[in-house]
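The values are calculated or read from the model by the stated rules, or taken from the named source; none is laboratory data. Bear in mind that the values here come from a model prediction, so they are computed numbers and not experimental data. Here the Cβ positions follow ideal geometry from the backbone for every residue, glycine too, while neighbour counts run over all protein chains shown.
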Amino acid sequence: MPSPDQIQKELKQRVEAAYVAGQPLCIRGGGTKAFYGREVGPSQMLDVRSYSGIIAYEPTELVITARAGTTIDEIEETLAERGQMLAFEPPHFGEAATLGGTVACGLSGPRRPYVGPLRDFVLGIRCLAGTGKVLHFGGQVMKNVAGYDVSRLFAGALGTLGVLLEVTLKVQPMPKLEVTLQGKAALKEAIQSMNRWAGQPLPLSGSTCDGAYLTVRLSGNGSAVEQALRRLDLERVCESGAYWLAVREQRLAFFADEAPLWRLSVPPACNPLDVPGRWLLDWGGAQRWLTTNAPYETVRAAAREAGGHATLFRGGDRQGEVFDPLAPALARLHRRLKAAFDPRGILNPGRMYRDL
Amino acid sequence: MQAPVVDELRRILSAEAVIADEESLRAYECDGLSAYRALPGVVVLPDTVAQVQQILRLCYQHHIPVVARGAGTGLSGGALPVRGGLVLSLAKFTRVLNIDPVNRTVRVEPGVRNITLSEVGEEYGLFYAPDPSSQIACTIGGNVAENSGGVHCLKYGLTVHNILALKVVTIEGDLLTIGCGALDASGYDLLALLTGSEGMLGVIVEVTVKLIPKPQYAQVALAAFDQVEAAGRAVAAIIASGIIPAGLEMMDQAAVRAAEAFVHAGYPTGAKAILLCELDGTPDEVAEEMRDVQAVLLGSGAAHIQIAADEAERQRFWAGRKAAFPAVGRIARDYYCMDGTIPRRYLAEVLTRVSQLSSEYALPIVNVFHAGDGNLHPLILYDVNAPGELQKAEALGGKILEVCVAVGGTVTGEHGVGVEKLNQMCVQFNADELAQFHAIKTAFDSEGLLNPGKAVPTLRRCAEFGAMHVHEGMLAFPHLERF
Ligand SMILES: Cc1cc2nc3c(=O)[nH]c(=O)nc-3n(C[C@H](O)[C@H](O)[C@H](O)COP(=O)(O)OP(=O)(O)OC[C@H]3O[C@@H](n4cnc5c(N)ncnc54)[C@H](O)[C@@H]3O)c2cc1C
């Protein structure tokens, strides 16, 4: 087995060679999120799975550093042994999901509105820029304003700025108690309730609504959860872990639909949007899943009008734009930033936007 | 400043909003790091976003360096003018534009003071979490530019974790909207990149912040220690026990005594160090966790623990901490505040090293800091009028930061690099990394006009400082002239 140093060296040489040749590379971890983003055109595959392993885990510091090819399963199991977790609950979408792919996609699960998104937990990265140079940004400490915050910029950049080699994440203690509550509610009513509660000091850690039921999760220290339980007029559900896992992993029946799946990110309290299709609300109303065959522009316009944006998450045309198009000045800045990291445009070209 | 440019500025702005006489310019000579001073050529105080755009276009056209300025409380010289350049003050941008209690957001202009955000949330039971000690003076624009923190950041995060959207004017005069009313936006996470960018990438003209529900109840414990090291170990032990306090601050004996003399907080002046540990939540939850925290504190060698008897006492305990910097200002001619952050497990070790360095340099050091985050604030006491003392203080400060980097930390946790920590940046980053920072800067500001010379050192400067990392036996950029 080649050592991590050797593997890193090989990856570096691959990127250097591609840089010289102007050869586009498609960066691939476990391939579990290959459906996400746009299709990359003709390219060579750069498989980063073999660059794996946990480098440092300090439970007392609430910090873990691992190589990008490490599976998220391995990381979560390691943390669980010490009663800790990735608080942003990243969706895996398969056992093969790697740390690098997870950070590059930047997706977060049901706990996100209450604890923060993935990018909040990224403390540092090591990466290969599009020139093959190995760069290190951020670190292992909670507060760090030395230099621009490149680590967080890489979260959700879909590998278009660099190849992630290592990531340091902040972790959190698992809550002592978690309970799930449910009640009947239509979307509009659920949105109001979820936002009313979110404005109160309650230990919320999840809230969804599918149009029929409102489901809420409470997490924390025993007494806080017990007290909140009494305040919410909802019924306690017995086995609840499976539900939140199914929401996170998109395993609910809702997600089995043939129609394209959209993710609308909007101000949480905005009223149900007037687009035909089926809806599932997560994040207390801030993340709305929609399966619809409505024209793309209709979906985008509705999200924008509500003050948010829409992503064609799964299915549909993966060669068109799947993310909300950027205003011209912003798009120009994106291209300049991309060129600052990847001057020849060889890393996942087109994965985020056609001309990026 | 060329007269035609000043005339043009007077056409864009009202006459009183363009300051060009030397006496009035003096007020803008420095920020909170007053050892560094430079007289700007002109100071402008625009009132509208359109004016900011016009001013920046003018500067771009005439190649005039621009330094944005909030309240000027920065501690790293970030708002230090460029000699003869333009200072763009956001002092007139003080309007609260929109309060949305249901979505729990507030949209404000950048000159709004930090404290105002919590004040407007008050009636809805909401607050803005990052609370720098300077919160009654510093602006949200400055907070975003520095990614400022405060005593409650351990639990609630820094500025970057608590903002949703920005409006930014580029040096070319474009108005960008970064982020939106939702929890995320499409494209790169420019919100993260701009936060903490020290006015180098654009001028922030609007900020949307997130408000969060005020906890029902908060309680603070004051633990006294006979040994600084034991207090350091207690911090690591609390975090390790699975509790995340709302605040966990440490003060050494000198800080305790200075604060006590200043605000009479009720601190034990005999202790070698104290920890303030705040917990918040429901009363039962706080009581439960407070028992756990007390056990950890005693187990780590706390000599005495006092729980604030009531809200008034809790406020008093915090008043001492929040007044610590000015309190130290009363006992020393000048002080120089460092801002390194380290992994918490090295607290005891690094504090010991800091006190050794203090003796070696024969300059007293007072420690008062965000212990829960591992964010140190050694205050080096010196006398600016004593020949060579400032240089000695700077050299000592530099050594402290190098110790922080050596244990895996960083040279600045929340105050920014500014002009102050440029040399130490050469220790923390190698030439390729610094070159990458410069490339980011160029993507936003191709002419290098926004806050030039701050935050990221030139490679030449690092070469002169002699601390440039040499990678794999080779200097990076072998093809570049040897600086
Ligand atoms: C007594 C005291 C206590 C302090 N305590 C803390 C603390 O607990 N935590 C902490 O983090 N900091 C603290 N600070 C440091 C300081 O208050 C913060 O850095 C604060 O955010 C600076 O805000 P300001 O409005 O004064 O910005 P300024 O000092 O005016 O500017 C700071 C930087 O931001 C840039 N800038 C300002 N406004 C804009 C804008 N609109 N657009 C673009 N760039 C802009 C400037 O160019 C400069 O680089 C303290 C300072 C003092 C004096």
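Structure data summary
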| quantity | calculated |
| --- | --- |
| Among (1) more than 26 Å from residue B:365 (Cα to Cα); (2) out of contact with any Gly (no Cβ under 8 Å at 6 or more places or on another chain), the one test that residue B:274 misses | (1) |
| Failed item in (1) buried (at least 24 other Cβ atoms within 10 Å of the Cβ); (2) more than 8 Å from the ligand (Cβ to nearest atom), with residue B:124 passing the rest | (1) |
| Odd one out for residue B:106 among (1) within 20 Å of residue B:195 (Cα to Cα); (2) within 15 Å of the ligand (Cβ to nearest atom) | (2) |
| Every residue from the stretch B:2-20 that is touching a strand residue (DSSP E or B) at 6+ places or on another chain (Cβ under 7 Å) and of a type in the set (Val, Ile, Thr) | B:6, B:18, B:19 |
| Failed condition for residue B:114, given (1) free of Cβ contacts under 8 Å to residues at least 40 places away in the same chain; (2) more than 8 Å from the ligand (Cβ to nearest atom) | (2) |
| Helices (runs of 4 or more DSSP H) contained entirely in the stretch B:109-186, each with at least 1 residues that are basic (Lys, Arg) and within 14 Å of chain A (Cβ to nearest Cβ) | B:153-156 |
| Filtered residues of the stretch A:273-312 (kept if surrounded by fewer than 21 Cβ atoms within 10 Å (Cβ to Cβ) and aromatic (Phe, Trp, Tyr)) | A:279, A:296 |
| Qualifying residue in the stretch A:22-40 (condition: farther than 22 Å from residue B:242 by Cα, at pLDDT 95 or above and of a type in the set (Val, Ile, Thr)) | yes |
| Of all residues in the stretch B:145-186 being under 19 Å from residue B:321 (Cβ atoms) and not aliphatic (A, V, I, L, M), the one that is surrounded by the fewest Cβ atoms within 10 Å (Cβ to Cβ) | B:155 |
| The stretch B:188-208 - residue that is crowded, with 24+ Cβ neighbours inside 10 Å and facing chain A (nearest Cβ under 7 Å) and, of those, nearest to the ligand (Cβ to nearest atom) | B:197 |
| Filtered residue count, the stretch B:411-436, keeping only those that are closer than 21 Å to residue A:334 by Cβ and surrounded by fewer than 24 Cβ atoms within 10 Å (Cβ to Cβ) | 1 |
| Residue in the stretch B:152-159 that is hydrophobic (A, V, I, L, M, F, W, C), over 30 Å from residue B:307 (Cα atoms) and within 16 Å of the ligand (Cβ to nearest atom) present | no |
| Test: residue in the stretch B:137-144 that is among the aliphatic types (A, V, I, L, M), within 12 Å of the ligand (Cβ to nearest atom), under 20 Å from the mean Cα position of the chain (by Cα) and crowded, with 23+ Cβ neighbours inside 10 Å | yes |
| Helices (runs of 4 or more DSSP H) enclosed by the stretch B:1-85 - at least 1 residues per element that are crowded, with 20+ Cβ neighbours inside 10 Å | B:3-12, B:49-62 |
| Conditions (1) more than 14 Å from chain A (Cβ to nearest Cβ); (2) farther than 30 Å from residue A:200 by Cβ; (3) of a type in the set (A, V, I, L, M); (4) within 24 Å of the chain's Cα centre (by Cα); number of the one not met by residue B:276 | (2) |
| Only listed residue being buried (at least 24 other Cβ atoms within 10 Å of the Cβ), aliphatic (A, V, I, L, M) and within 11 Å of another protein chain (Cβ to nearest Cβ), chosen from A:87, A:104 | A:87 |
| Spans of helices (runs of 4 or more DSSP H) in the stretch B:404-467 with at least 3 residues at pLDDT 95 or above | B:431-444 |
| Filtered residue count, the stretch A:171-226, keeping only those that are in contact with a Phe, Trp or Tyr (Cβ under 9 Å, 6 or more places away or on another chain) and of a type in the set (Gly, Ala, Ser) | 10 |
| Check on residue A:34, in a loop (DSSP other than H, G, I, E, B) and surrounded by fewer than 18 Cβ atoms within 10 Å (Cβ to Cβ) | yes |
| Any hit, the stretch A:139-162, residues being buried (at least 24 other Cβ atoms within 10 Å of the Cβ) and over 24 Å from the mean Cα position of the chain (by Cα) | yes |
| Which numbered condition residue B:243 misses (of (1) facing chain A (nearest Cβ under 10 Å); (2) among the β-branched types (Val, Ile, Thr); (3) touching a strand residue (DSSP E or B) at 6+ places or on another chain (Cβ under 6 Å)) | (3) |
| Search result, residues across the stretch A:173-189 that are surrounded by 19 or more Cβ atoms within 10 Å (Cβ to Cβ) and within 14 Å of another protein chain (Cβ to nearest Cβ) | A:173, A:175 |
| Filtered residues of the stretch A:319-333 (kept if surrounded by 15 or more Cβ atoms within 10 Å (Cβ to Cβ) and more than 9 Å from every other protein chain (Cβ to nearest Cβ)) | A:321, A:322 |
| Complete set of residues in the stretch A:123-141 that are under 13 Å from residue A:8 (Cα atoms) and more than 9 Å from every other protein chain (Cβ to nearest Cβ) | A:126, A:127, A:128, A:132 |
| Complete set of residues in the stretch A:254-281 that are of a type in the set (D, E, K, R) and more than 18 Å from residue B:186 (Cα to Cα) | A:257, A:258, A:274, A:278 |
| Qualifying positions in the stretch A:123-138 - of a type in the set (Phe, Trp, Tyr) and surrounded by fewer than 24 Cβ atoms within 10 Å (Cβ to Cβ) | none |
| Filter pass, residue B:88 being away from chain A (no Cβ under 14 Å), within 12 Å of the ligand (Cβ to nearest atom), crowded, with 19+ Cβ neighbours inside 10 Å and not in a strand (DSSP E or B) | no |
| Filter pass, residue B:61 being more than 13 Å from the ligand (Cβ to nearest atom) and within 14 Å of chain A (Cβ to nearest Cβ) | no |
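Conditions tested, residue by residue: (1) of a type outside the set (Val, Ile, Thr); (2) surrounded by fewer than 20 Cβ atoms within 10 Å (Cβ to Cβ).
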{"site": "B:341", "(1), (2)": "no, no"}
{"site": "B:348", "(1), (2)": "yes, yes"}
{"site": "B:354", "(1), (2)": "no, no"}
{"site": "B:359", "(1), (2)": "yes, yes"}
{"site": "B:363", "(1), (2)": "yes, no"}
{"site": "B:369", "(1), (2)": "yes, no"}
{"site": "B:372", "(1), (2)": "yes, no"}
{"site": "B:377", "(1), (2)": "yes, no"}
{"site": "B:393", "(1), (2)": "yes, no"}
